[in-house]
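Written below as structure tokens is the structure these notes are about.
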Amino acid sequence: QRIIDLAGRVAPTNMSVIIEGETGTGKEYIARYIHENSLRKNKPFMAVDCGAIPKDVANSELFGHVKGAFTGAINDKEGVFQKADGGTLFLDEIGNLSYDIQLKLLRSIQERVVSRMGDNKQKKIDIRIIAATNEDLLNEVRNNTFREDLYHRLNEFRISLPPLRERKQDIPVFVKHFIEQSNYELSRN
């Protein structure tokens with residue numbers, strides 16, 4: 001309830017949010033809750049797993065590219081920043097982005113513009129960033145693996161999700177939900 005209350009307070013703002021928590025604590029659920037209770041709820045919610053993007057295509061996935069920008073770029077491609085325009089961009093496991101992509105991300109957030117790979121034109125964007133991590137980003141900053149300026153830009157509001165082992169009272173709620181879901185999907189009782 002405390003987490004939902006915090007998410008409800010930040011939802012109507014345009015603040016960037018960092019959601020911290022172990023794998024499986026519901027970071028994407030909270031990000032969607034924030035989006036669905038925001039003024040951007042009728043615009044796109046784009047979720048990107050930064051840990052699943054190969055480093056050599058991260059620039060293209062996030063910011064897009066123009067035909068011929070690199071070998072294999074046979075068509076123009078819009079990145080998730082352009083696709084999320086007007087809405088919310090959820091960057092899951094943001095700590096996995098390379099240092100150079102972090103710099104481009106910082107510039108895009110600060111200047112509210114993006115440029116596709118191989119294109120010298122910039123496009124204005126209006127997005128809200130919600131970032132999630134199961135790492136201690138402040139520790140990553142201290143170890144020089146995450147940009148301090150990007151951390152401060154993203155950390156306008158932070159929500160820390162406790163692991164389920166610290167919320168045992170929630171287990172019956174989850175059990176009931178998953179039984180109901182399975183009964184519906186399998187036409188069982």
Look at segment 30-67 and say how many of its residues are among the polar types (S, T, N, Q), assigned to a helix (DSSP H, G or I) and surrounded by fewer than 16 Cβ atoms within 10 Å (Cβ to Cβ). 0
Just give me the residues in segment 68-77 being touching a residue at least 24 places away in the same chain (Cβ under 8 Å) and either open to solvent by 60 Å² or more (accessible area, probe 1.4 Å) or in a loop (DSSP other than H, G, I, E, B) (or both), in sequence order. GLY68, ALA69, PHE70, ALA73, ASP76
Members of segment 93-128 found to be open to solvent by 30 Å² or more (accessible area, probe 1.4 Å), within 19 Å of VAL17 (Cα to Cα) and either more than 16 Å from the chain's Cα centre (by Cα) or among the β-branched types (Val, Ile, Thr) (or both), listed by number: LEU103, ARG107, GLN110, GLU111, ARG112
Per the list (1) without any contact (Cβ under 8 Å) to a residue 60 or more places away in the chain; (2) open to solvent by less than 60 Å² (accessible area, probe 1.4 Å), residue check on LYS83 breaks on (2)
Test: GLY51 is in contact with an Asp or Glu (Cβ under 8 Å, 6 or more places away or on another chain) and under 14 Å from GLU93 (Cβ atoms): yes
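The values are calculated or read from the model by the stated rules, or taken from the named source; none is laboratory data. Computed from a predicted structure; not experimentally measured. We place every Cβ from the backbone using ideal geometry, glycine too, and count neighbours over all the protein chains shown. These accessible areas exclude ligands, DNA and RNA; they are computed on the full protein's heavy atoms, side chains included. Shrake-Rupley method; radii C 1.70, N 1.55, O 1.52, S 1.80 Å.
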